[in-house]
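Colleague: Sharing a structure, written as C-alpha cells. Questions coming.
None of the figures in this text is laboratory data; all of them are computed from the coordinates on show. What you see is a predicted model, and the numbers here were worked out from it, not measured in a lab. Heads up, the Cβs are rebuilt from the backbone with ideal geometry, glycines too, and the neighbour counts pull from every protein chain shown.
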Amino acid sequence: MDAIRLRFPHGLFAALREQLLADIERESFALLFGQLHRVGPHTLIKIVDVCHPRPEDYESRGLAHLHLRREYVYERLVEMQRRGDVDTLIDVHTHPFSERGAAFSVVDDRDEVLFHQWLNDTLDGVHYASIVLSRGDYSARLWEYENSRPRARSARIRTQTILERWPSLEEPDDPEALPAALDPEQGFLARSTLALGLDVLRHIVRDQCVALVGVGGLGSAIAENLVHSGFHYLHLIDPDRIETTNLNRIVGAYACDAEEGRLKVEAVAEHLRRINPEARIETHPWPVEDARVLPALVESDWILLSTDNHASRYTTQNLALRFGIPLISAGSNISVEDGRMTDMSGEVILARQGDRLCLNCLGRLAPTQIAAETVDGLGEVLERRGYVSGREVKEPAVKTLNALIAALTVETLVNQYTGRPTAPVLVYEGHALPRLYPDHDSVTQRRKDCFHCG
Ligand SMILES: [Zn+2]
Ligand SMILES: [Zn+2]
C-alpha cells in the first residue's frame, strides 16, 4: 500500500514550520483540520485550516515536553464538528532539541494512542493524524485501527511546489544518488541539468507525477515537452481516437493511427516511450468525469489541463480543488470571420491551492456552455437560440500555436521547481504583431468572493 499523502495549500507548511520553530527553547504545537479521501489504493488528507493555540492554552511546555489544556482540544473538536467540511484532526508539535531526525518519542506514542482511542470512542468518523518537526526534517503518520488494535501508518507531506518541501525522516534526501538520466556525460538529461541545475532535475526525475487531461493538439505537445523536460511519470487522460483531420497537429500521431482509429493516449504514450524508455506513461482512455481516472489524479503532484470544452475543464478543476492538487490550465483559440483571422491567441493559467484564484473567478468558464455540454438535449436548444457555439462546429487549429502554448505551459511548470517568477495568467496573442504578456487585469478584476477556490 502506498504512503499516505498530507496535502498542504500553497505557503501553509512553510509558514507553520517558521512559526512553530521560532521558539527553539520550548516545544510548540498547532492543530490542523483536514479532509480525508480514500481513492483506490491511495489515502489523501487535504489540509484545510490551521489553529495556533494562545499562550494560555498551554498547560505547561518546555524544551522536551508540552501539555495543552484539555478544554482547548475539546473546543477545537466542537469547532470541527460544527464546520462540517473537515473530518480529520492533525496535531503538529516540535522537537526543537533535535537538529534532525524528527522521530516520535515513546511519550508521543503513548499520548497519541490514548487520544486516538478516546476520539474513536467519543466521535464517529473523525480521523486522527500527527506530525513531529525537528529543526531540519519531519515525521508524519495517520492512526487507524487494525483488528481493533491502534496502528500508525507512515505519511508524507506534499506541498504545492517542491520549493516548500522538507525532507522526511523516513525518506531523507540523498544527494549522492544520481538517476542515470542525470549522468553528466551520458545522461539523457545532461544538457537540461546544465541549464536548470542538478537539484531541480533530481526532483523532477525522481519523485514527481503529472496528470495531463486532454491529449489532443495542445495536450500532445505538452506531453512531449514534459518528457523532454525530465518528467518520468505521467498519466494521460483522453477518451478520443485519432482522425485524419487531427494529423496536422497531434505530436506522435501518424497516418496509420488515423486509419486504425487509434486512441490518442495510446499513440502519444508510444511516442513518449520512444523518447525515454525509462519513463512510466500510464494511459486512461476515459473522460475525466469517469471515476476510473480518480486514482491517477489523486497521486499526481500537478494536473495539467488542455481540453477544449467547458464541461471537462470545470470537472477537472473541481477535482483539483477537491484533492488539493495544483493546476495549470492551457488553452488556445483561433477565430476567423469572413475569411480573415480575428483572433489567434492562447493562455496559461497557474492555479495552486491557496492562491485563491481559479478558472471560475477569472471568468474562464461559461455556465451556459457547461450546461449545454452536460445536460442532454439542452445543447441543441441553447445553440438554436444562439447562446452557445455549436458542439459539432469544426474549430480552426494549427500546430504552431499549440506548440507555443505547450512550451509556455511546461515552462510555467518548470518554474515551480526553479523558483523563477511566473505570472498567474500568461497570454499570447499572435493574430496581429505577436505579443506575450502577463494578464494582470484578469487577476486583479477576478471575483474575490469565489465559492470554488476561496
Ligand atoms: Zn514529541
Ligand atoms: Zn476562484
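Colleague: For the stretch 134-196 and the stretch 25-98, what is the centre-to-centre distance using only Cα atoms, to the nearest Å?
Modeller: Cα centroid to Cα centroid, the span is 23 Å.
Colleague: Let me have the relative contact order for the stretch 102-164, percent, based on Cα pairs under 8 Å that are six or more residues apart. Intermediate results must be reported in sequence, preceding the final value.
Modeller: Working: 64 pairs, mean separation 16.4, N = 63.
Normalised by residue count, the contact order of the stretch 102-164 is 26 percent.
Colleague: Just to be sure I understand: of the beta bridges DSSP finds with both ends in the stretch 4-164, what percent are antiparallel, rounded to 5?
Modeller: Of those bridges, close to 70 percent are antiparallel.
Colleague: What are the trypsin sites (Lys or Arg not before Pro) within the stretch 56-118 that DSSP puts in a loop, where the Cβ has at most 16 other Cβ atoms within 10 Å? Let's see the in-between values first.
Modeller: Working: sites: ARG61, ARG69, ARG70, ARG76, ARG82, ARG83, ARG100, ARG110; in loops: ARG69, ARG100.
When the trypsin sites (Lys or Arg not before Pro) of the stretch 56-118 are filtered for loop state and at most 16 Cβ neighbours within 10 Å, ARG69, ARG100 remain.
Colleague: Between HIS52 and ALA432, how high is the FRET efficiency from 1/(1 + (r/R0)^6) when r is the Cβ-Cβ distance and R₀ = 51 Å? Nearest 0.05. Each step should come with its number before you reach the end.
Modeller: Working: r = 53 Å, r/R0 = 1.03.
Given R0 = 51 Å and the Cβ-Cβ separation, E is 0.45.
Colleague: Rank these for me by crowding, THR422, THR316, THR368, going from fewest to most other beta carbons within 10 Å.
Modeller: Values: THR422 17, THR316 26, THR368 14.
Least to most surrounded, the residues fall as THR368, THR422, THR316.
Colleague: Right, another one. So which aspartates and glutamates pass the test for LYS394, namely a Cα distance under 19 Å, with those fewer than 8 places away in the same chain ruled out?
Modeller: ASP238, ASP240, GLU243, ASP308, GLU337, ASP338, ASP343, GLU373, GLU380, GLU383
Colleague: Let me ask you something else. So, with +1 on the Cβ of K and R and -1 on the Cβ of D and E, and no other charges, what is the size of the charge dipole of the chain about its Cα centre, to the nearest 20 debye?
Modeller: 440
Colleague: Can you tell me the 0 to 90 degree angle between the C-alpha axis of helix 106-122 and the longest principal axis of the chain, rounded to 10?
Modeller: 70
Colleague: Related question: Report the gain in length on full extension from HIS452 to TRP286: 0.36 nm times residue separation, minus Cα-Cα distance, nm rounded to one decimal. Spell out each step's value before the answer.
Modeller: Numbers: separation 166, 0.36 × 166 = 59.76 nm, distance 2.49 nm.
Full-extension gain reported as 57.3 nm.
Colleague: So for the stretch 4-164, taking the charge dipole from beta-carbon charges (+1 Lys/Arg, -1 Asp/Glu), which of LEU68, LEU133, ASN147 sits furthest toward the positive end?
Modeller: Highest projection toward the positive end goes to ASN147.
Colleague: Additional query: Rounded, prolate or oblate for the stretch 170-299? Axes are the square roots of the Cα gyration tensor eigenvalues, ordered a ≥ b ≥ c, and the cut-off for rounded is a/c under 1.5.
Modeller: Numbers: a/c = 2.93, a/b = 1.66, b/c = 1.77.
Oblate, since a/c reaches 1.5 and b/c is not below a/b.
Colleague: Still on this model: Any chance you could check the Cα centroid distance between the stretch 424-454 and the stretch 208-275 for me, in angstrom?
Modeller: Each part's Cα centre sits 27 Å from the other's.
Colleague: Further, regarding this structure: Could you order the peptides 19-25, 211-217, 295-301 from most to least packed, using the average number of other C-beta atoms within 10 Å per residue? Mind dumping the intermediate values first?
Modeller: Details: 19-25: 13.1, 211-217: 28.1, 295-301: 21.7.
By packing density, highest mean first, the sequence is 211-217, 295-301, 19-25.
Colleague: Something else about it: Sort LYS399, LYS394, LYS46 so the one with the fewest other Cβ atoms within 10 Å of its own Cβ comes first. It would help to have the intermediate numbers written out before the result.
Modeller: Details: LYS399 17, LYS394 7, LYS46 22.
With the sparsest Cβ surroundings first, the list reads LYS394, LYS399, LYS46.
Colleague: How high is the relative contact order of the chain, in percent, counting Cα pairs under 8 Å that sit 6 or more residues apart? The partial results should precede the final answer.
Modeller: Values: 875 pairs, mean separation 57.5, N = 454.
Computed value for the chain: 13 percent relative contact order.
Colleague: Kindly provide the helix-only [θ] at 222 nm of the chain, computed as the sum of -39,500 (n - 2.57) over DSSP H runs of four or more divided by all residues, to the nearest 500 deg cm²/dmol? Let's see the in-between values first.
Modeller: Numbers: 14 runs with 146 residues, N = 454.
About -9500 deg cm²/dmol.
Colleague: Still on this structure: Which angle from 0 to 90°, rounded to the nearest 10, does the C-alpha axis of helix 70-83 make with the longest principal axis of the chain?
Modeller: Its long axis makes an angle of about 20 degrees.
Colleague: If you don't mind, another one. Subtract the Cα-Cα distance of ARG273 and ARG420 from 0.36 nm times their separation in residues, and report this length gain in nm to one decimal. All intermediate terms of the calculation are to be shown ahead of the outcome.
Modeller: Details: separation 147, 0.36 × 147 = 52.92 nm, distance 2.91 nm.
Contour length minus Cα-Cα distance gives 50.0 nm.
Colleague: Once the Cβ-Cβ distance between SER105 and ASN333 is put in as r, and R0 is 51 Å, what FRET efficiency do you end up with, to the nearest 0.05? List each step's numbers first, then the result.
Modeller: On the way: r = 58 Å, r/R0 = 1.14.
That gives a FRET efficiency of 0.30.
Colleague: Now, a different point. May I ask for the net charge around ILE24, where only other residues with Cβ less than 13 Å from the Cβ of ILE24 are counted and Lys, Arg are +1 while Asp, Glu are -1?
Modeller: Numbers: positive: ARG17, ARG26, ARG61, ARG135; negative: GLU18, ASP23, GLU25, GLU27, GLU99.
Counting the neighbours of ILE24, the net charge comes to -1.
Colleague: Tell me, what HN-Hα J-couplings in whole Hz come from the Karplus equation 6.51 cos²θ - 1.76 cosθ + 1.60 at θ = phi - 60° for each residue of the stretch 295-306, using x for Gly and Pro?
Modeller: Once rounded to whole Hz, the list reads x, 5, 5, 4, 8, 7, 8, 9, 10, 10, 10, 9.
Colleague: Excluding residues fewer than 8 places away in the same chain, name every one of the lysines whose C-alpha is closer than 25 Å to that of LYS46.
Modeller: LYS448
Colleague: For TYR72, what charge total do you get from the other residues with a beta carbon under 13 Å from its beta carbon, if Lys and Arg give +1 and Asp and Glu give -1? The partial results should precede the final answer.
Modeller: Details: positive: ARG54, ARG61, ARG69, ARG70, ARG76; negative: GLU56, ASP57, GLU59, GLU71, GLU75, GLU79, ASP91.
Charge balance in the 13 Å sphere: -2.
Colleague: Still on this model: In straight Cα distance, which lysines are under 20 Å from LYS399, not counting same-chain residues fewer than 8 positions off?
Modeller: Filter leaves LYS264.
Colleague: What angle, in degrees between 0 and 90 and rounded to the nearest 10, separates the Cα long axis of helix 399-418 from the longest principal axis of the Cα atoms of the chain?
Modeller: Between helix and principal axis, roughly 10 degrees.
Colleague: Report relative contact order for the stretch 4-164 in percent, whole number only (criteria: Cα-Cα under 8 Å, sequence separation at least 6).
Modeller: Working: 301 pairs, mean separation 44.5, N = 161.
For the stretch 4-164, the relative contact order is 28 percent.
Colleague: Further question: Can you bin the stretch 4-164 into rounded, prolate or oblate? Criterion: square roots of the alpha carbon gyration tensor eigenvalues sorted a ≥ b ≥ c, rounded for a/c under 1.5, prolate for a/b above b/c, oblate for the rest.
Modeller: On the way: a/c = 1.35, a/b = 1.15, b/c = 1.17.
Because its axes are fairly even, with a/c under 1.5, the stretch 4-164 counts as rounded.
Colleague: I would also like to ask the following. For the chain, what are the per-bin percents of Cα-Cα distances with bins 10 Å wide, up to the bin holding the maximum?
Modeller: Pairs per bin, as whole percents: 4, 18, 28, 24, 15, 8, 3, 0.
Colleague: Now for a separate question. So what's the net charge close to ARG313: Lys and Arg +1, Asp and Glu -1, counting the other residues with Cβ under 12 Å from its Cβ?
Modeller: On the way: positive: ARG364; negative: GLU289, ASP308, GLU373.
Counting the neighbours of ARG313, the net charge comes to -2.
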